[in-house]
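Structure, as structure tokens:
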Amino acid sequence: MLRATKMNRLNLTICGVDPASTEPFTHFGFRDVPEMDKERMVGQVFSNVASKYDVMNDAMSAGVHRLWKDTFIRRLAPPPGTKLLDVAGGTGDIALRFLNYCDQVHRDHTAQVHLVDINPDMVEVGRQRFKNTAFDLRSQVSLEVGNAENLANIPSESMDAYTIAFGIRNCTHVDRVVQEAYRVLKPGGRFMCLEFSHVDNPLISQFYDLYSFQVIPALGQLIAADRDSYQYLVESIRKFPTQDQFAQIIRNSGFYTVGQGYENLTFGVAAIHSGYKL
Ligand SMILES: C[S@@+](CC[C@H](N)C(=O)[O-])C[C@H]1O[C@@H](n2cnc3c(N)ncnc32)[C@H](O)[C@@H]1O
């Protein structure tokens, strides 16, 4: 039986697409959808989950996402005065960790982060989180609704660092996202991406699949009353390029990568990719 969720309404729209159409298709989880529809469908997912997003992250990963994000910022190791662009920044987890790092490690209050996210609901949760914090009062943080594939408001060669965490696999054209990152970075600037990735070990992979497909959508239903958005989440992870394929996309955009260009976290459940604009 069809459940009356917003996602189901979207599914019906997709089913109505003319199959003879020549417009380009992409994937939305395991389904093929017209490219022009993906952005809207992803938008619906994050509007559905925005208010429960942080709680669900903790529940799904038993808090491990916090350790991954801490490691991500330690690897970035921003020097004092860094100007960071955090894209697909959502509710501000990376932006906050970045500012905390600069404060705690360097006592630096000149670092700045600009968060861009396509979803106004996610940005609003982030805005409330920073409101009246010392970072906000010192104007170290700014937030904007915008698309990672076309950062129209960000001048070329204006940023020291660019981060994107758990966002790029939701974008329609991953290559365009990386090219935009290259454009906005200053020479010497660093691109860093934290994303769910692929587990190689067959034993761990079996367990991970079981957990992903049986437990995560059920948790989504239980905590956020939204199974479909979390079903999309686990499917989108499987559709994302492998660690090596993504490292190649980064190199193709002009970045220099050190070694293989990535570091696996928790057996490859997540990976940090990094590249320098020389
Ligand atoms: C899983 S959340 C990650 C949020 C945050 N970076 C974190 O690590 O907690 C993914 C975010 O990507 C955003 N997003 C999806 N497509 C986007 C696009 N084309 N441009 C900018 N943001 C996008 C979503 O709105 C959502 O806030």
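A few comments on the model shown:
- Which numbered condition N150 misses (of (1) out of contact with any strand residue (DSSP E or B) (no Cβ under 9 Å at 6 or more places or on another chain); (2) over 25 Å from G188 (Cα atoms)): (2)
- Test: residue in region 223-244 that is surrounded by fewer than 20 Cβ atoms within 10 Å (Cβ to Cβ) and either among the acidic types (D, E) or in contact with an Asp or Glu (Cβ under 6 Å, 6 or more places away or on another chain) (or both): yes
- Within region 126-139, the set of residues being closer than 12 Å to G90 by Cβ and out of contact with any Asp or Glu (no Cβ under 8 Å at 6 or more places or on another chain) comprises R127, R129.
- Within region 64-81, being among the charged types (D, E, K, R) and within 16 Å of E263 (Cβ to Cβ) holds for K69, D70, R74, R75.
- Any pair with Cβ under 8 angstrom, 6 or more apart, that starts in region 25-39 at a residue that is more than 20 Å from V234 (Cβ to Cβ) and more than 14 Å from the ligand (Cβ to nearest atom) and ends at one that is open to solvent by less than 10 Å² (accessible area, probe 1.4 Å) and of a type in the set (S, T, Y): none
- In this entry, V116 is excluded by the filter for residues that are within 14 Å of the ligand (Cβ to nearest atom), aliphatic (A, V, I, L, M) and open to solvent by 10 Å² or more (accessible area, probe 1.4 Å).
- No other residue among R74, R97, R138 is surrounded by 18 or more Cβ atoms within 10 Å (Cβ to Cβ) and touching a residue at least 24 places away in the same chain (Cβ under 8 Å) apart from R97.
- Among (1) over 21 Å from D58 (Cα atoms); (2) not in a helix (DSSP H, G or I), the one test that L194 misses: (1)
- Any chance Y101 is at pLDDT below 90 and either within 16 Å of the ligand (Cβ to nearest atom) or basic (K, R) (or both): no
The values are calculated or read from the model by the stated rules, or taken from the named source; none is laboratory data. Note that the coordinates shown come from a computational prediction; the quantities given were computed from them, not determined experimentally. With ideal geometry, Cβ positions are generated from the backbone for all residues, glycine too; neighbour counts draw on all protein chains shown. Ligands, DNA and RNA are stripped out before the accessible areas are found, and what is left, the full protein with its side chains, is counted by its heavy atoms. Shrake-Rupley method; radii C 1.70, N 1.55, O 1.52, S 1.80 Å.
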